[in-house]
Amino acid sequence: MAEARSWSFGGALRNLFTGQQKRVIDEDTWDELEVALIGADFGPDITESVIAELKEKVARYRTEDYADLQRMLREGLEERLSKFDTTLKLTERPAVVLVVGVNGVGKTTTIGKFAKFLTNYGRSVVVGAADTFRAAAVEQLGTWAERAGVQIVKPQQQGQDPASVAYQTVDFAKRNGVEIVIIDTAGRLHTKGGLMDELGKIKRVVEKQAPIAEVLLVLDATTGQNGLMQAQAFLESAGVTGLVLTKLDGSAKGGFVLAVQERTGIPIKLVGQGEGIGDLTGFTPHVFAQQLVG
Ligand code: GDP
């Protein structure tokens, strides 16, 4: 898995320690840390528990040193982030990956980047355009497939049963020895019930052909709690096995990463950090904690 390269988020928390090497830990420290953690999107509960853990460690090691505080915070966050198995499970042949999420979160872009990511590792990939109601979605996915240099299975006509496109994609992979199948799905939330039925049908049809290796839920890291609430329907009914956080560049605050993993109990498996085809990496808690805290 690729090492995460340096990210642009996390400034608020890192800045807390910049130029503070000579400072000692005092009452203000905890208030400042609380403001920084909330500001970085950790949410109140996690902020409280992170501070409680840190206070306990500071007392146990009887330190007043700011550098110790920074190190303990970094190690504590890494430990919490590492409690989840963030590796993609793609050993089946073919390995079928369903990609789900609300429109606009970066689902199509993620599929394009993911296809490229996998081909970079020597894997053969086919993508299936099972969001069949939006002609533009099929077209956009086609553009990404071309960029990534992978095959695409498209609906024969607009509105074709998404499950039949998924079927044809897996069938294509089996007949042609393609290793990994990535299936795009619809993300129209106003038809929530229908959408979950549609996903259920795709899964049933696909499972008759091959086991489903991963169901990846794409979330926009800049939307924080709102985004999580929007995605709740998928979490409840789509059998999600992994999260993909997109837009973890620019204005994303980083703390959401820990919050989302602990709140959903589902590991983050991929991270998008830009609009380019190379802007996707695996999730590495060590690099992440380093970026957040410095
Ligand atoms: P979909 O409706 O979920 O398929 O979303 P799209 O893939 O069409 O992406 C929506 C917008 O988000 C597009 O403008 C993408 O370029 C942008 N986008 C997707 N992923 C990222 C990312 O990791 N970083 C940034 N900055 N933009 C992204």
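The values are calculated or read from the model by the stated rules, or taken from the named source; none is laboratory data. Computed from a predicted structure; not experimentally measured. For neighbour counting, all protein chains shown are included, and Cβ atoms are generated from backbone atoms with ideal geometry for every residue, glycine included. The area values use the complete protein model at the heavy-atom level, side chains included, leaving out ligands, DNA and RNA. Shrake-Rupley method; radii C 1.70, N 1.55, O 1.52, S 1.80 Å.
Going by what's in this entry, would Ala115 be described as in contact (Cβ under 8 Å) with a residue 60 or more places away in the chain, surrounded by 17 or more Cβ atoms within 10 Å (Cβ to Cβ) and within 16 Å of the ligand (Cβ to nearest atom)? Spelling it out, Ala115 is indeed in contact (Cβ under 8 Å) with a residue 60 or more places away in the chain, surrounded by 17 or more Cβ atoms within 10 Å (Cβ to Cβ) and within 16 Å of the ligand (Cβ to nearest atom). Taking segment 163-188 as the range and being open to solvent by 10 Å² or more (accessible area, probe 1.4 Å) and within 16 Å of the ligand (Cβ to nearest atom) as the test, only Arg188 passes.
For segment 68-105, taking the residues that are open to solvent by less than 20 Å² (accessible area, probe 1.4 Å), of a type in the set (Gly, Ala, Ser) and in contact (Cβ under 8 Å) with a residue 40 or more places away in the chain, the one that is farthest from the ligand (Cβ to nearest atom) is identified as Ala95.
A search for C-beta distances below 7 Å between a residue of segment 39-66 that is under 18 Å from Gln20 (Cβ atoms) and among the charged types (D, E, K, R) and any residue that is part of a loop (DSSP other than H, G, I, E, B) and open to solvent by less than 40 Å² (accessible area, probe 1.4 Å), counting only pairs 6+ apart in sequence or on different chains, returns Glu64/Ile25.
Here Gln273 passes the criteria (1) within 15 Å of the ligand (Cβ to nearest atom); (2) among the polar types (S, T, N, Q); (3) closer than 30 Å to Gly193 by Cβ except the one numbered (3). Evaluating Leu219 against the criteria (1) touching a residue at least 60 places away in the same chain (Cβ under 8 Å); (2) within 16 Å of the ligand (Cβ to nearest atom); (3) out of contact with any strand residue (DSSP E or B) (no Cβ under 8 Å at 6 or more places or on another chain) leaves one unmet condition, (3).
Any idea which residue in segment 241-265 is nearest to Asp197 (Cα to Cα), counting only those that are open to solvent by 20 Å² or more (accessible area, probe 1.4 Å) and away from the ligand (no atom under 15 Å from the Cβ)?
Selected residue: Thr241.
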